[in-house]
Amino acid sequence: MSIKIGQKSYGDRIQDGLSNSFMRKAVSGAQGRFRSGRLKAAEELGDWEDWRTLGEEIRSHTMENLDYYLHQLSEQVENRGGTVFFAKTAEEANEYIQEIAKKKQAKKVVKSKSMVTEEIGLNKALEKSGCEVVESDLGEWILQLDEDPPSHIVTPALHKNKEQIRETFMKKKGYTGSDDPVELAAYAREQLRQDFLEADIGVTGCNFAVAESGAITLVTNEGNARMVTSLPDTQISVMGMERIVPTWEDLEVVVSLLTRAAVGQKLTSYITALTGTRLEDEVDGPEDFHLVIVDNGRSKILGTEFQSALHCIRCAACINACPVYRHVGGHSYGSIYPGPIGAVLTPLLDGYEDHKDLPYASTLCAACTEACPVKIPLHEHLIRHREIIVEREKMTTKAEKMMMMGFAKWASTPAAYKLSTKMARTTLKPWTKDEYIEKGPGPMKGWTEQRDFPAPSKERFRDWYRQREQRSDH
Amino acid sequence: MKVSLFITCLCDTFTPDVGKDTVELLERFGCEVDFPARQTCCGQPAYNSGYKSESIKGLKQMIKAFEQSEYVVGPSGSCVHMIKEYPKVLADEPEWAERARKLAGKTYELTQFIVEVLNVKDVGSTFTGTATYHPSCHMTRLLGVKDAPRILLENVEGLNLIDLPLKEDCCGFGGTFAVKNSLISGEMVQEKAEHIGETQADYLIGGDMGCLMNMGGRLRRNGQEVKFLHIAQVLNAQ
Ligand code: SF4
């Protein structure tokens, strides 16, 4: 897998999403829970806006000084017995990890949820070099069994509900239990236990690396990450180069923001911090630790007007707040990063060619911007993307371009503007019935396919106003 | 107090009554109203679609049209917010950016102007009926006008205001989104229409004509008998 998922066109993906009533019910139900959880958690904190400001400051300070902190981090990791590898591309990251697997003669790799390994397509790469890869988080495991891509960045299997999960377990694993979530989770745990014991390598993501100490932190609710990091002898953590905080104090702030914004929790069940390799007097931990820091397009974003997109802490609050996501679901975005942050980030990382429709999959309602705990102006980034698509990439249709040039003329020439509003009623007459248009011509088609359009009024406001003025003059 | 009306293109062409009510409301509180006739569209459709250079031509026309005004007041949160964006859009042209800043600084959405500048919380109107209010996205989230419409509506005599479920969710209008992504837009406005139906209100009130045309058009298509009104129409009702 890579950033892009599937080969279907945007239009087909939207059709699929909209007609999947099963998914839509699962998504809108979950969105409801996440949204109210977030609002409640924000209210509890009282000064949510101050927290957001603090979060934004920490993130922008880190990005402004990213070189410094990456250097500090790598020194600290190495001081503690780890090895750091900077991967410029997905291929470089995969090759490095494949190399380790080869050296260790690894047969089995257990993983804990990580978006960046999805992004670089690590599972496929490892499988190619003969390793069995087992996703150990419940959601990821379900998707792996079903060969389905994630549809959300915090709860990757959000698009499925318990009946569907039970079915997957029955089909792929011969499960015979009920669809009770507790029973389903217990079954998964049971199944995964053996994998943990057998694994040669544990791969994790990294929510935040703490530069001052070289610690990798993982924020989870299932605790599987602990097994992944403590049982196998070799541990590899893969992180996007922006997932870094300067100090433990900063970590406290961003983790509080993350868990509250994501699901409305004060904290998650597990916040694991791992620092280097096992010391002589320690009972667990890896003998060998590698930190792979992935660029894969990120450094191109630094220093541009999109830099704040790198502030993202992957809490998914924007996704949960988005009414478009609510209806189309995660797969419609055609990217492993769905929703508003996906629409901003995907074209930045993977180019406009395959993703030029994403910036338009938004009404610019700004629910995302309002929800974002680190104040990324998501809807403004979407407008900026559109500008680039129009002006730099020149990817819009000729017809649209002509229309907008007409618009410019219309809006800048009062006489033309006045004439057109005067003519509007007559122009639309052939399509008008009972003061409404139910099937409109040309560009109106999209509108009238979904709703009626009112006929322009007999008398414009400006006509009324002029007459009123004339009357009062007399 | 001298107030220049900013009557949006939709309002001018489709719902002149909203403009009339705006005039009467402002006059009721002693404002001296004028209508600069050289105003056009705020430019939002082009700007939000990524056609920044195309939008700029219109923005300059708007800046010129209102240059002499003391206050500019418009019955649309969304279009007023667009005017607030002008300085940013024109950032590369310092002289225009400055003129844009002046315009942005004196421009208000109607209910915001009534509450914040005129300092009026009760306009003294009477409207008998059951209604629900949709707080449109650009008005609430982007322009930051959250309380003014609610305060004014709560003081309208005879008005029974029912809360709209998930009211903060976008109605699916989004300017060209309604045309470009009409399928998604249709699902969004359908959900809205269902929520409006649940309230069993007779009227739907809003502060943005675009959103009202979207929701009203869907209600009509669905055969739902809910009338839509701009907030100016309710506030000026006697
Ligand atoms: S963009 Fe903001 S809200 Fe969305 S996932 Fe990132 S941090 Fe969370």
Any hit, the range A:45-60, residues being surrounded by fewer than 14 Cβ atoms within 10 Å (Cβ to Cβ), in a loop (DSSP other than H, G, I, E, B) and free of Cβ contacts under 8 Å to residues at least 60 places away in the same chain: yes
Leading residue by the ranking (farthest from the other protein chains (Cβ to nearest Cβ)) among those in the range A:392-438 that are under 20 Å from B:THR40 (Cβ atoms) and aromatic (Phe, Trp, Tyr): A:TRP410
Members of the range B:53-76 found to be more than 13 Å from chain A (Cβ to nearest Cβ) and under 21 Å from B:GLY210 (Cβ atoms), listed by number: B:VAL72, B:VAL73
Unique match (being polar (S, T, N, Q), closer than 24 Å to A:LYS25 by Cβ and part of a helix (DSSP H, G or I)) among A:SER332, A:SER308, A:SER299: A:SER332
Close pairs (6 angstrom Cβ cut-off, 6 or more residues apart or separate chains): more than 21 Å from B:LEU90 (Cα to Cα) in the range B:60-80, open to solvent by 40 Å² or more (accessible area, probe 1.4 Å) anywhere: B:GLU70/B:LYS2; B:VAL73/B:TYR108
Strands (runs of 3 or more DSSP E) contained in the range B:124-233 and holding at least 3 residues within 13 Å of chain A (Cβ to nearest Cβ): B:227-230
Residue identified as under 19 Å from B:ILE114 (Cβ atoms), out of contact with any Leu (no Cβ under 6 Å at 6 or more places or on another chain) and not aromatic (Phe, Trp, Tyr) among B:LEU204, B:LEU229, B:LEU219: B:LEU229
Search result, residues across the range A:268-313 that are buried (at least 18 other Cβ atoms within 10 Å of the Cβ), at pLDDT 90 or above and on the phi > 0 side of the Ramachandran plot: A:ASN296, A:GLY297
Test: residue in the range B:25-43 that is in contact with a helix residue (DSSP H, G or I) (Cβ under 8 Å, 6 or more places away or on another chain), at the interface with chain A (Cβ under 10 Å from one of its Cβ atoms) and assigned to a helix (DSSP H, G or I): no
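Check whether at least one residue in the range A:447-460 is of a type in the set (A, V, I, L, M), part of a helix (DSSP H, G or I) and under 27 Å from B:GLN190 (Cα atoms), and report yes or no.
Looking through the range A:447-460, none of the residues is of a type in the set (A, V, I, L, M), part of a helix (DSSP H, G or I) and under 27 Å from B:GLN190 (Cα atoms).
Yes/no matrix, rows are residues, columns are (1) of a type in the set (Ser, Thr, Tyr); (2) within 21 Å of B:CYS171 (Cα to Cα); (3) out of contact with any Asp or Glu (no Cβ under 6 Å at 6 or more places or on another chain); (4) away from the ligand (no atom under 16 Å from the Cβ):
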residue: A:THR363; (1), (2), (3), (4): yes, yes, yes, yes
residue: A:ALA366; (1), (2), (3), (4): no, yes, yes, no
residue: A:THR369; (1), (2), (3), (4): yes, yes, yes, no
residue: A:VAL374; (1), (2), (3), (4): no, no, no, no
residue: A:ARG392; (1), (2), (3), (4): no, no, yes, yes
residue: A:LYS401; (1), (2), (3), (4): no, no, yes, yes
Filtered residues of the range A:242-285 (kept if aliphatic (A, V, I, L, M) and more than 16 Å from the ligand (Cβ to nearest atom)): A:LEU267, A:ILE271, A:ALA273, A:LEU274, A:LEU279, A:VAL283
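The values are calculated or read from the model by the stated rules, or taken from the named source; none is laboratory data. Keep in mind the model is a prediction, meaning the values are calculated, not measured. Cβ atoms come from the backbone with ideal geometry, glycine included; neighbour counts cover every protein chain shown. When the accessible area is computed, the model is the full protein with side chains, heavy atoms only, and any ligands, DNA or RNA have been set aside. Shrake-Rupley method; radii C 1.70, N 1.55, O 1.52, S 1.80 Å.
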